[in-house]
1. Would you call residue 270 without any contact (Cβ under 8 Å) to a residue 40 or more places away in the chain and within 14 Å of residue 46 (Cα to Cα)?
2. Which residues, taken from the range 192-218, are part of a loop (DSSP other than H, G, I, E, B) and more than 14 Å from residue 159 (Cβ to Cβ)?
3. Give, as residue ranges, the helices (runs of 4 or more DSSP H) completely inside the range 223-313 that count at least 2 residues that are crowded, with 16+ Cβ neighbours inside 10 Å.
4. Could you tell me whether residue 139 is over 30 Å from residue 299 (Cβ atoms), touching a strand residue (DSSP E or B) at 6+ places or on another chain (Cβ under 9 Å) and in a helix (DSSP H, G or I)?
5. Which one is farthest from the chain's Cα centre (by Cα) among residues in the range 52-75 that are part of a helix (DSSP H, G or I) and away from ligand 1 (no atom under 16 Å from the Cβ)?
6. Which of the residues spanning the range 111-153 are away from ligand 2 (no atom under 16 Å from the Cβ), touching a helix residue (DSSP H, G or I) at 6+ places or on another chain (Cβ under 9 Å) and closer than 27 Å to residue 231 by Cα?
7. Limited to the range 97-117, what total is found for residues that are touching a strand residue (DSSP E or B) at 6+ places or on another chain (Cβ under 8 Å) and surrounded by fewer than 17 Cβ atoms within 10 Å (Cβ to Cβ)?
8. Residues being within 11 Å of ligand 1 (Cβ to nearest atom), touching a residue at least 40 places away in the same chain (Cβ under 8 Å) and part of a helix (DSSP H, G or I): count how many of those fall in the range 172-188.
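Each value in this text was obtained by applying a stated rule to the coordinates, not by laboratory testing. The structure displayed is predicted, hence computed values, not measured ones. Neighbour counts are summed over all protein chains in view; Cβ atoms, including those assigned to glycine, are modelled from backbone coordinates with ideal geometry.
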Ligand SMILES: Cc1ncc(C[n+]2csc(CCOP(=O)(O)OP(=O)(O)O)c2C)c(N)n1
Ligand SMILES: [Mg+2]
């Protein structure tokens, strides 16, 4: 029907975008109410996150950065687990093998070698699992980006590297980040395909990811996808972008945000109507309301947990009693 997707698949993709959007908007409110800690906003990154992961099966692995902290939602991970992560509660530390979603990576780009290693390991075991790693434009300047992409390339490891180029690394613009004409061009140096897509066009992201996943699964190695857009929200709740960003440009970007854009397309194609839009949004809001209630109902963590998995033989000053 659209992008090779039928009616039900298009609706499911829309549902995932709305879920991510609702999670993000509610999280900013919860932060302002003091109910979660510092939060990395991903408003208008939903097309990249939902579109790229839509090309995966549930056996494939996702390696998120803090910008994709809620990506487990697309696999059905409970909202309370993700909220608890931002609340610093141990019940937010999910086991990666339960969901094939790696822990949220806050150090920039250090999860790229992990994704390459997991994918290579799966390949050695004869499994046809693909790993998809998400990172920002700033991450492409890190040593770990080079190590991860180069290693995956020489090993023909089945990895899809998804660069969310939102134009900014906190206050550093992409123009101060690289002399490369595009970040996708960096793929040439590793001998792998580099693809540039509109990061607000969910079907374009999906199509690029689908090709990259097929290629990886067929044994032809990694692809670098650069999904281009412009950050339309602060870097995180602790950031005040008025010090460095042009507010008019942000307003222009917000006017053609990705969820509304996909919604308009689906209405035009007769896939969505007012009732479905309303019920999809309502379902997502109910899920978030239940998620924050479940998170807040949990008992405070036992401080001992901080040390539980840190030492086989705790040093004397960590023992008590
Ligand atoms: C290794 C490392 N260095 C510095 C930081 C501090 N830091 C947090 S976010 C950020 C910017 C990253 O920008 P980008 O890769 O474009 O991702 P975005 O936040 O735009 O999604 C930096 C430098 C960090 N988390 N890890
Ligand atoms: Mg960025």
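1. Values: without any contact (Cβ under 8 Å) to a residue 40 or more places away in the chain: yes; within 14 Å of residue 46 (Cα to Cα): no.
The answer is no for residue 270.
2. Within the range 192-218, 199, 200, 201 meet the criteria.
3. Values: elements: 247-255, 258-268, 274-297, 305-308.
Correct list: 247-255, 258-268, 274-297.
4. On the way: over 30 Å from residue 299 (Cβ atoms): yes; touching a strand residue (DSSP E or B) at 6+ places or on another chain (Cβ under 9 Å): yes; in a helix (DSSP H, G or I): yes.
Yes: the conditions hold for residue 139.
5. Checking each candidate, the answer is 75.
6. Selection gives 113, 114, 115, 131, 132, 146, 147, 148, 149.
7. Total meeting the criteria: 1.
8. 1
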